[in-house]
Amino acid sequence: RDVAVTGVQTCALPILVLLVLIYGMLKKQKVYDVFIEGTKEGIEIGFSIFPALLAMIFSVNILLSSGFIDFLVDILNPLFSFLKVPIEIIPMAMMRPISGNTSLALMTNVFSKYGVDTFLGILASTIQGCSDTTLYILTLYFGTIGIKKIKYAMIVGLISDAIGIIISILIVKYMFY
């Protein structure tokens, strides 16, 4: 590697911290006190989101361990076969609105089994990029700030995810065939 690039990478964060300190002192702020207050707020936020995060992780693990996803895929296999949608991508598409890490792991499995430059690899990447972790967002963010009425946000989010997944399948099929 280039020595100059390595030097910039090594010094970037300390220089950024130094600039923040200098800016704070020029604005006559008590930089250390502000840092401590921010840290306290960060810890409070961490504690407030922990129950929602734990519930989501626990739920996803139960869903995956139970074999429900495989059961559902087996039931829906005739429909997806009729629609010419590859069944190998369905578990990832089903998990994407629930958990980003789980869908990322399933996408990695698709990559290792079929390759990244294959139809399934490109489809998995496209689905991963065009949809969001709707239920995770609703659980964590809405739960943290105390919003209880999430019905319409959930409906719109899941419809958006479904449209994104359908459009991904159509576009990647169009590009490959």
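Quick one, what does Rg over Rh come out to for the stretch 62-171 if you take C-alpha atoms and the Kirkwood Rh? Please list the in-between numbers first.
On the way: Rg = 14.5 Å, Rh = 14.7 Å.
Expressed as Rg/Rh, it is 0.99.
Two decimals, Cα atoms only, Kirkwood Rh: what is Rg/Rh over the stretch 1-89? Mind showing how you got there, number by number?
Working: Rg = 25.3 Å, Rh = 18.9 Å.
Ratio of gyration radius to Kirkwood radius for the stretch 1-89: 1.34.
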| Spin-label model distance (nm) - residue 31 vs residue 47, 7 Å beyond Cα toward Cβ | 2.9
| Karplus (6.51, -1.76, 1.60) ³J(HN,Hα), θ = phi - 60°, over the stretch 12-29, in Hz, Gly and Pro reported as x | 4, 5, x, 5, 4, 4, 4, 5, 5, 4, 5, 4, x, 5, 5, 7, 6, 9
| request: Compare the Cα positions of 38, 54, 24 along the charge dipole of the stretch 1-76 (+1 at Cβ of Lys, Arg; -1 at Cβ of Asp, Glu; about the Cα centre) and return the one farthest towards the positive end. | output: 24
| Mind checking which of 62, 49, 98 has the largest fluctuation in a GNM of the chain, springs on alpha carbons under 10 Å? | 62
| What residue among 102, 39, 133 shows peak mean-square fluctuation when the chain is described by a Gaussian network model with Cα springs under 10 Å? | 39
| If you roll a 1.4 Å probe over the chain with all protein chains in place, what percent of the accessible area is carbon or sulfur? | 72
| Rounded tilt (10° steps) of 31-66 against the dominant C-alpha axis of the chain | 20
| field | Residue-by-residue Karplus 3J(HN,Hα) for the stretch 85-94, coefficients 6.51, -1.76, 1.60, Hz, glycine and proline x | value | 9, x, 5, 5, 8, 5, x, 5, 5, 6
| field | FRET E, pair residue 176, residue 101, Förster distance 22 Å, beta-carbon r, rounded to 0.05 | value | 0.20
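Accessible area per residue for the stretch 40-177 in Å², computed with a 1.4 Å probe and the full protein assembly in place, what is it? If you can, show how the numbers build up before the last one.
Numbers: 8670 Å² over 138 residues.
Value returned for the stretch 40-177: 63 Å² of accessible area per residue.
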| query | Helix 68-82 sits at what angle to the longest principal axis of the chain, using alpha carbons and giving 0 to 90 degrees rounded to 10? | reply | 50
| message | Using only Cα atoms and rounding to the nearest 10 degrees, what angle (0 to 90) does helix 119-130 make with the longest principal axis of the chain? | response | 50
| task | Under a 10 Å cutoff between Cα atoms, tell me which one of 75, 165, 137 has the largest fluctuation in the Gaussian network model of the chain. | result | 75
| task | Let me have the 222 nm mean residue ellipticity of the chain computed from DSSP H runs of 4+ only, each contributing -39500 (n - 2.57), with the sum over all residues rounded to the nearest 500. | result | -26000 deg cm²/dmol
| query | Once you treat every alpha carbon in the stretch 91-146 as an equal point and sum by Debye, what is log10 I(q)/I(0) at q = 0.27, 0.31 Å⁻¹? | reply | -0.97, -1.15
| Net lengthening on full extension, residue 155/residue 54 (0.36 nm per residue, minus Cα-Cα) | 34.0 nm
| query | Between residue 131 and residues 5 or more places away or on another chain, which pairs have amide H atoms under 5 Å apart, with H built 1.01 Å from N, and which residues are they? | reply | none
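The values are calculated or read from the model by the stated rules, or taken from the named source; none is laboratory data. A quick note: this is a predicted structure, and the numbers were derived from the prediction, not measured. Backbone-built Cβ (ideal geometry, glycine too); neighbour counts: all protein chains shown. Each accessible area value is taken on the protein alone, full model and side chains, heavy atoms only, with ligands, DNA and RNA left out. Shrake-Rupley method; radii C 1.70, N 1.55, O 1.52, S 1.80 Å.
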